[in-house]
Amino acid sequence: MGLSAYLLVSAALFCLGVFGLLTRRNAVGILASVELMANAGNINLVAFARFNGNATGQIFALFSTALTVAEVVVGLALVILLYRSRGDVLVESASELKG
Amino acid sequence: MSPIQLALLATFLPLGTAFSLIVLPGVRRAGKLPGYISVVTALVALVSALQLFAYGLEVHDIARVTTQWLPHSVLGASSAAPSTIEIGVLLDGLSVSMLVVVCLVAFCVQVFSLGYMADEPPADFGRYFTWQSLFLFAMNTLVIAPNLLQLFLGWELVGLVSYLLIGYYWKKPSAARAALKAFWITKLADMGLVAGLIVLFVNTGSFNWTGTVAVAGPVTLLLFIAVMGKSAQFPLHVWLPDAMEGPTPVSALLHAATMVAAGVFLVARAHPLFEQAPNTQNFMAYVGGFTALFASIVAVVQNDIKKVLAYSTCSQLGYMVCALGAGSQVAGFFHLTTHAFFKAMLFLAAGGLIHAVHSNDIHHMGGLFRKMKLTSGAFIIGALALAGVPGFSGFFSKDLILEEVWERGLYLPFAALLIAAFLTAFYMGRVVFIALFGKPSEHAEHAHESGFAMTFPLVVLAIPALCAGYFGAELSGMYGEATHFHLSPVGMTASALGLCGIGLSYFMFGAPQGGAALRTVFAPLGRLAASGIVDKSFLFGYRTVLRGFAGGIGWFDRYIIDGLMNAIGYVTLEVGARLRPLQTGKVQDYVYVMVVATIALGTFAAFLR
């Protein structure tokens with residue numbers, strides 16, 4: 001299999017993530033969609049590392065994974081707080097700051 | 001004491017008195033005490049001035065002591081010459097004579113005021129004498145000024161005191177209005193003085209009146225605008241008749257003898273400057289001549305005794321200005337001196353008459369001569385001096401002016417002055433025949449001679465009013481070249497005209513069956529003069545021209561400038577309101593836009609390649 005197969009999988013995954021991001025009303029779902037997009041990027045990095053024959057892409061993927069984990073920690077903490085204060089996790093209902 | 005010390009004493013003692021009265025309300029309200037303090041101050045100033053006079057300074061004997069006031073750097077470097085601004089004392093014949101005039105008249109007026117103002121409440125009485133002392137300081141500062149900047153200082157101070165004293169009866173709306181009117185009109189004219197000083201300083205680097213000045217023309221013209229305001233020359237004379245709202249002694253001191261003469265003094269002082277500007281001098285001669293004529297016409301129909309004297313002051317100041325315009329510092333200043341004495345006496349005598357009948361109207365007086373011999377006598381002496389009857393002081397100075405104007409070849413102003421001389425005698429005759437000899441009115445029934453305080457100053461002033469003319473040669477020697485008096489055809493014509501004026505007024509107002517026919521002849525002239533045409537034209541100018549202009553500017557500001565700003569604001573608000581729905585606050589909408597935009601831009605880039 002060539003590089004383009006990996007890239008196609010990655011692009012499909014990214015588009016799924018974008019679709020989820022735009023359509024989900026649930027904050028947890030939105031977070032999951034963002035994760036999909038991040039992992040689509042990771043697949044790209046690893047695939048390029050494999051076909052270029054060096055480890056640069058893999059190292060970047062490691063960093064990216066660590067970053068994503070931190071993001072999920074913060075995001076889920078926000079979601080929990082949101083749930084505690086409002087009783088639901090729908091993004092459009094949290095609109096008190098809207099002028 | 002040295003001359004300088006005497007001059008400083010005469011100037012700063014009144015300031016001390018005024019200052020003490022201002023900061024010590026207890027003294028100011030202590031009944032007659034402030035009046036006595038002020039009179040003693042004026043007496044000390046008078047004695048100092050007389051002693052200075054006794055030194056017999058001539059115009060070239062100049063005692064000048066100055067100290068640096070403003071360093072040059074404060075005023076910014078001028079391109080011409082390095083300069084320092086000085087403040088100090090300048091004593092020569094001119095300033096010493098003026099000091100004597102000011103102090104003598106001020107002393108007499110203050111003594112008179114002790115009687116005239118005796119019924120005022122203590123607080124107002126104190127206030128009155130505070131301003132009187134302040135005036136003496138201000139006027140003396142002006143007189144001894146060694147340069148135009150210090151003169152300007154005194155000039156503005158006397159203007160302030162004039163405002164305060166005209167508005168002495170400030171509870172009367174007309175007095176408050178008159179004070180404001182005097183203040184505004186003189187301030188308007190003083191803009192000319194400020195501008196003239198600036199032009200002078202920028203070009204020469206000093207405020208001195210000596211030396212050759214390239215810009216003498218504009219500078220003197222600007223100075224003359226201020227003179228027109230202060231010395232009540234047409235058309236800026238309108239404040240002076242209204243200034244009669246002040247107490248009569250104030251009118252005598254400020255608005256007849258000294259303050260209004262400050263303008264004449266300025267021109268006499270800055271004579272070297274004016275000599276370099278013949279065009280300004282000619283303009284002055286015409287303005288002065290016209291004012292002399294115009295004011296004497298208006299005076300003929302006034303019934304208020306103070307208004308008659310006010311217009312007569314205007315007219316006599318016109319004589320002085322005309323003389324200065326003819327280049328004769330001596331004639332102008334000589335007339336200033338004699339006029340100060342007899343006009344102050346006239347005003348004080350008029351004050352006595354007013355005090356006796358409690359009315360300003362000459363028809364309410366009537367036959368006062370029999371009841372108030374001394375006051376009436378003083379008034380008659382003053383009137384004869386003013387009319388230029390031979391032998392009285394006004395005759396000599398008026399004659400000198402007419403001669404100088406004739407010799408300079410200013411025939412039109414000369415004719416105006418000659419007619420004014422006739423009218424002067426006529427209106428003074430009218431006042432004398434109606435107020436002193438006319439039919440007694442019921443107002444005058446209980447009139448009686450005034451007390452010592454109100455007759456003594458009249459006697460003091462009557463002496464110079466009678467005799468000052470005979471010392472013309474000596475006096476003129478003090479402030480210019482000595483002029484010897486000689487009978488000239490010009491002077492005789494003027495005197496003859498004056499006598500005719502008196503005779504005519506006798507036939508019209510004095511004779512038992514007064515000439516009714518003559519009165520009808522003069523009626524249209526009277527109506528014209530009584531209509532207050534100058535005041536009306538000022539009002540017209542104010543209401544239509546100035547307010548129209550201001551209205552136009554206001555319209556432009558309101559609808560064009562403000563309109564532009566409002567339009568910008570309106571458009572911004574509208575655009576904001578339209579764009580506002582785009583800002584939903586939902587992150588997903590923004591992401592949507594972002595995605596679509598990225599796809600669009602990517603597609604666009606792909607096509608571009």
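Is it the case, given these coordinates, that B:Ala606 is over 60 Å from the mean Cα position of the chain (by Cα) and away from chain A (no Cβ under 14 Å)? Walk me through how you get there before you give the answer.
Values: over 60 Å from the mean Cα position of the chain (by Cα): yes; away from chain A (no Cβ under 14 Å): yes.
When the stated conditions are applied, B:Ala606 passes them.
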Test: residue in segment A:21-40 that is away from chain B (no Cβ under 14 Å) and farther than 21 Å from B:Tyr592 by Cβ: yes
Residue within segment A:21-41 that is of a type outside the set (A, V, I, L, M), open to solvent by 80 Å² or more (accessible area, probe 1.4 Å) and part of a helix (DSSP H, G or I) present: no
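For segment A:44-66, state whether one or more residues are more than 14 Å from chain B (Cβ to nearest Cβ), β-branched (Val, Ile, Thr) and either open to solvent by less than 60 Å² (accessible area, probe 1.4 Å) or over 28 Å from B:Ile599 (Cβ atoms) (or both).
First pass over segment A:44-66, keeping only residues more than 14 Å from chain B (Cβ to nearest Cβ): A:44-66.
Narrowing further to those that are β-branched (Val, Ile, Thr): A:46, A:56, A:59, A:65.
Then drop every residue that is not either open to solvent by less than 60 Å² (accessible area, probe 1.4 Å) or over 28 Å from B:Ile599 (Cβ atoms) (or both), which leaves A:56, A:59.
Within segment A:44-66, one or more residues are more than 14 Å from chain B (Cβ to nearest Cβ), β-branched (Val, Ile, Thr) and either open to solvent by less than 60 Å² (accessible area, probe 1.4 Å) or over 28 Å from B:Ile599 (Cβ atoms) (or both).
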Residues (more than 10 Å from every other protein chain (Cβ to nearest Cβ), open to solvent by 80 Å² or more (accessible area, probe 1.4 Å) and within 30 Å of A:Asn26 (Cα to Cα)) located in segment B:575-597: B:Leu579, B:Pro581, B:Leu582, B:Tyr590, B:Val593
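I'd like the full set of residues that are assigned to a loop (DSSP other than H, G, I, E, B), among the polar types (S, T, N, Q) and under 17 Å from B:Ala178 (Cα atoms), limited to segment B:216-270. Explain how you work it out, then say what you get.
So the first thing to find is which residues in segment B:216-270 are assigned to a loop (DSSP other than H, G, I, E, B), and the list is B:231-235, B:246-247, B:258-261, B:270.
Those left that are additionally among the polar types (S, T, N, Q): B:231, B:233, B:258.
B:Ser231 - this is the single residue of segment B:216-270 that is assigned to a loop (DSSP other than H, G, I, E, B), among the polar types (S, T, N, Q) and under 17 Å from B:Ala178 (Cα atoms).
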Count of residues meeting criterion [over 18 Å from A:Met37 (Cβ atoms), touching a Leu at 6+ places or on another chain (Cβ under 8 Å) and among the small types (Gly, Ala, Ser)] in segment A:55-85: 0
Residue identified as surrounded by 24 or more Cβ atoms within 10 Å (Cβ to Cβ) and modelled with pLDDT of 90 or more among B:Leu317, B:Leu400, B:Leu324, B:Leu386: B:Leu317
First in segment B:290-313 and farther than 9 Å from B:Tyr427 by Cβ, second anywhere and outside any helix (DSSP H, G or I) and open to solvent by 10 Å² or more (accessible area, probe 1.4 Å), Cβ under 7 Å, 6 or more apart: B:Phe290/B:Phe234; B:Thr291/B:Phe234; B:Phe294/B:Phe234; B:Asn303/B:Asp361; B:Asp304/B:Asn360; B:Asp304/B:Asp361; B:Ile305/B:Asn360; B:Lys306/B:Asn360
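Between B:Tyr570, B:Tyr559, B:Tyr590, which is without any contact (Cβ under 8 Å) to a residue 40 or more places away in the chain, within 30 Å of A:Cys15 (Cα to Cα) and part of a helix (DSSP H, G or I)?
On the way: B:Tyr570 fails: within 30 Å of A:Cys15 (Cα to Cα); B:Tyr559 fails: within 30 Å of A:Cys15 (Cα to Cα).
None of the other options fit; the residue is B:Tyr590.
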Leading residue by the ranking (farthest from the other protein chains (Cβ to nearest Cβ)) among those in segment A:68-99 that are part of a loop (DSSP other than H, G, I, E, B) and at pLDDT 85 or above: A:Gly87
Some residue of segment B:220-238 being touching a helix residue (DSSP H, G or I) at 6+ places or on another chain (Cβ under 8 Å), closer than 19 Å to B:Leu153 by Cβ and open to solvent by 30 Å² or more (accessible area, probe 1.4 Å): yes
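Given the options B:Phe369, B:Phe333, B:Phe395, name the one that is open to solvent by 10 Å² or more (accessible area, probe 1.4 Å) and closer than 30 Å to B:Pro278 by Cα. Break it down stepwise before answering.
Values: B:Phe369 fails: closer than 30 Å to B:Pro278 by Cα; B:Phe333 fails: open to solvent by 10 Å² or more (accessible area, probe 1.4 Å).
On inspection, the qualifying residue turns out to be B:Phe395.
The values are calculated or read from the model by the stated rules, or taken from the named source; none is laboratory data. Keep in mind that what you see is a predicted model, and the values were worked out from it rather than measured. Glycine gets a Cβ as well: all are built from the backbone with ideal geometry, and neighbour counts include every protein chain shown. Please note that ligands, DNA and RNA were not included when accessible areas were found on the heavy atoms of the full protein model with its side chains. Shrake-Rupley method; radii C 1.70, N 1.55, O 1.52, S 1.80 Å.
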